[in-house]
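Comments concern the structure below.
The values are calculated or read from the model by the stated rules, or taken from the named source; none is laboratory data. If you're wondering where the values come from, they're calculated on a predicted model, not measured in any experiment. Cβ atoms come from the backbone with ideal geometry, glycine included; neighbour counts cover every protein chain shown.
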């Protein structure tokens, strides 16, 4: 897919690249890699956006390494593209102007866990599963769960969220402070470890979701949660998407602090049945999870069951046994792979939008009608408590007409969400793939302001150029 | 108090002011006021920082009025200082370079309440009490409660929080979107009404806490909460501040979703006893409130009581009756006035800091020792769940030595908080009073970045100049 970028930069000269390559090789040894295979793995891999490989891949082991890499790149005007686990969908890690991919996978130390303060300090390459593994013994967990075992640096950079954002918020709500390597290689700290502050502009949240375009995330202080005493999960079929969405709205309005509430449409349920060997009724389905005390989750589950019944949902099958819960949620987490298995050989082109919850059923139903008309195969899963849903068109990449149909479908999906006061992406981010929607979403004034911010903080367009905004 | 500002601007010329005055009078009629009394009311009134009155006060009734005011001011290079209810503490509404105070009190329409989406759209002059009055009939409320009946525009501008931030977050967590009048009089929207988005830089949170220095807040979309089915409140004495803080940490770690948890030190309890005619034991005291279902709040209260007892606290006296709850919390809300009444004729100089909760008791106890040594009268109240506390030195403004003692006490208080990874202000904001601490708190690189942001978005330093950062 060709992305319409109007670059304020071109590729670096061969001389500049050679100087950076030589300098980094001297500094990093075999932690600088230039083989084509590794370079291509460090560009976009999960969607149909063209793979635009960096010229080399650097593996820093420390903040000082990161600073040295950026300084050398800045000295030779060579782009810097941060890389976590490469699980982003919109071309975030592509290198359209070449340059150095900075892979943070060796920066995976958990620097401190402050149990009394419910926070921790980590390096950006720590993945969410590794962090939760580490935290289990102290009875804490980090709640944000985008599905993939993404790095927390990447999750911060894309303002990720996922299944339990409805209860615990998104990355913007769970990052307390960041250390940032600026485009000139300086190190700055965005905030203190205090739980709240009114001491000036909110630099932390300016970097959360900035997708590496303003600087590299070198260290992260995250809020943590106590592992709930009890967790209860369940599934509930509904006759229609609307009924499931209405039950979701009523659940949240009634103050039930639901931890996860996920919609699978009928096609997605069928995919899960096949892939995960389940025998669920193939109708819209809510997967729910409650966190609290033993008595609390029981009360929540009972109330949810009553609400579901009011909207013709049910029977609500709930299980507090860890193995039942795991089996159900494993199926939900495998939904992406289950979908892919619906049409072997196809490419899944994951996209997401988010609308006010009151418009959600209308938006999903119109999208389903559009899918049917377009002749696409495209299951839907939704973080419905937030009004956020994903569509995964399964595309035969050898069929030009089908590719075109999928592309125009996504255009209409985004337009539909924007018409409903929604956003072109609830959690995947902009990358390259959604840049073209930003002007319509934000308006020319706000988009110009984003450009002004980029210009002010990275005037040479060194950091992940060609993403979010062009200068 | 003289504030050390190195202005990038001087006062406007008489000609410029005359041109703005004439233009605004033609546009606003008697909604432009130039009397000294009104001008002085629109400058700082609640602390010892000198009152620096604006040259005139404009009362816009609409976004279009706001834009016209800013355009006229921009055309003549006259500063614009936003004004909500004037309840800020750090000189936020002062006009050190003169200019136009923009009083939003006539912009108090509630534009929309979206009950299904749990959000509302309001003008900036709506106060939190007015909003909650309006919302009561639909069973919703806006949780942020800084004590004063502040305007929501002002609360947004200062990133306010207060007693129930421990449960519901601060303004940064509860503002979904803003309309902003930029320094050139353009109107921009920072985000959509969708509950979450990853579509570019987080402009919303850049403006939350920007204290009017980047633009005027013209419209606010706020998240709302359902009024809990049950609310239970109680008070619990502790032998020491440390015991109360340790009980707070244990409460939060154990996952009790406490809605408010407030510490009053012994002096503050004495003040409340006198002012609110109570007979509480004059020892450190936690005021707590629980929100949930009937069964839920009962369970929360019982567990809290058990935890308090583990830390030698108690008896824990709790009441779910609305009138009992109101009486207790009224005393807490009147704590400021109760303190002032401890020493009639004195000026209360409210200040706040915030530290990681694990350092809180150490910080408060060291502060109490400092108060004793300094010979000051200064009660302490704390939003202890967040590690945030307020000290209110009661100062005889005719006594130069006492003023000096209070000033140096605040210097030490801030230094102590910063030494403990804390912040110079948890919720009051920077204004003029705390500018001098920002470099030590954030470091020169981050402070320079804040300057770069100001420079990028308000290069002429038109919006509330002399606050947060100087150019």
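Side notes on the structure shown:
- Among the residues making up region B:97-124, those that are away from chain A (no Cβ under 14 Å) and buried (at least 24 other Cβ atoms within 10 Å of the Cβ) are B:99, B:100, B:101, B:102, B:103, B:104, B:107, B:122, B:123, B:124.
- Of all residues in region A:133-163, those satisfying the criterion of being part of a helix (DSSP H, G or I) and either under 20 Å from the mean Cα position of the chain (by Cα) or buried (at least 24 other Cβ atoms within 10 Å of the Cβ) (or both) are A:152, A:153, A:154, A:155, A:156, A:157, A:158.
- Every residue from region A:378-402 that is touching a residue at least 60 places away in the same chain (Cβ under 8 Å), surrounded by fewer than 24 Cβ atoms within 10 Å (Cβ to Cβ) and in a loop (DSSP other than H, G, I, E, B): A:397
- Region A:281-300, subset within 25 Å of residue A:360 (Cβ to Cβ) and within 10 Å of another protein chain (Cβ to nearest Cβ), residue nearest to the chain's Cα centre (by Cα): A:291
- When region B:283-315 is filtered for residues that are part of a loop (DSSP other than H, G, I, E, B), touching a strand residue (DSSP E or B) at 6+ places or on another chain (Cβ under 9 Å) and surrounded by fewer than 24 Cβ atoms within 10 Å (Cβ to Cβ), the ones remaining, listed by number, are B:283, B:293, B:314, B:315.
- Selection count, region A:164-179, where residues are farther than 20 Å from residue A:190 by Cβ and buried (at least 24 other Cβ atoms within 10 Å of the Cβ): 2
- The set of residues from region A:144-160 being within 12 Å of chain B (Cβ to nearest Cβ) and under 18 Å from residue A:330 (Cα atoms) comprises A:144, A:146.
- Hey, residue A:412 within 13 Å of chain B (Cβ to nearest Cβ) and either assigned to a helix (DSSP H, G or I) or without any contact (Cβ under 8 Å) to a residue 24 or more places away in the chain (or both) or not: no
- Pairs are defined by a Cβ separation below 6 Å, a sequence spacing of at least 6 or placement on different chains, a first member in region A:107-133 that is at positive phi, and a second member that is crowded, with 21+ Cβ neighbours inside 10 Å and assigned to a loop (DSSP other than H, G, I, E, B); the pairs so defined are A:118/A:224.
- Count - residues of region A:417-456 that are in a helix (DSSP H, G or I) and within 21 Å of the chain's Cα centre (by Cα): 9
- Of everything in region B:66-88 that is in a loop (DSSP other than H, G, I, E, B) and surrounded by fewer than 24 Cβ atoms within 10 Å (Cβ to Cβ), the residue that is nearest to the chain's Cα centre (by Cα) is B:87.
- Top-ranked residue of region A:1-18 - restricted to ones that are surrounded by 17 or more Cβ atoms within 10 Å (Cβ to Cβ) and at pLDDT 95 or above, ranked as nearest to residue A:465 (Cα to Cα): A:12
- Counting only strands (runs of 3 or more DSSP E) wholly contained in region B:164-259, the ones carrying 2 or more residues that are in contact with a helix residue (DSSP H, G or I) (Cβ under 9 Å, 6 or more places away or on another chain), more than 8 Å from every other protein chain (Cβ to nearest Cβ) and modelled with pLDDT of 95 or more occupy B:175-181, B:216-223, B:230-237.
- Residue match in region B:22-40 (condition: under 19 Å from residue B:465 (Cα atoms), under 25 Å from the mean Cα position of the chain (by Cα), part of a helix (DSSP H, G or I) and modelled with pLDDT of 95 or more): yes
- Filter pass, residue A:369 being modelled with pLDDT of 95 or more and surrounded by fewer than 20 Cβ atoms within 10 Å (Cβ to Cβ): yes
- Which listed residue is touching a residue at least 12 places away in the same chain (Cβ under 8 Å), under 20 Å from the mean Cα position of the chain (by Cα) and within 14 Å of chain A (Cβ to nearest Cβ), from B:350, B:339: B:350
- Residues (surrounded by fewer than 17 Cβ atoms within 10 Å (Cβ to Cβ) and either facing another protein chain (nearest Cβ under 7 Å) or touching a residue at least 12 places away in the same chain (Cβ under 8 Å) (or both)) located in region B:416-450: B:436, B:440, B:443, B:445
- Subset of region A:190-207 (residues that are touching a strand residue (DSSP E or B) at 6+ places or on another chain (Cβ under 7 Å) and either free of Cβ contacts under 8 Å to residues at least 60 places away in the same chain or under 18 Å from residue B:436 (Cα atoms) (or both)): A:190, A:191, A:192, A:194, A:196, A:197, A:199, A:204, A:207
- Answer residue from region B:457-471, given it is surrounded by 18 or more Cβ atoms within 10 Å (Cβ to Cβ) and over 22 Å from the mean Cα position of the chain (by Cα) and is nearest to the other protein chains (Cβ to nearest Cβ) among those: B:457
- When each of B:221, B:251 is tested for being surrounded by 23 or more Cβ atoms within 10 Å (Cβ to Cβ), in contact (Cβ under 8 Å) with a residue 40 or more places away in the chain and over 24 Å from the mean Cα position of the chain (by Cα), the lone residue that passes is B:251.
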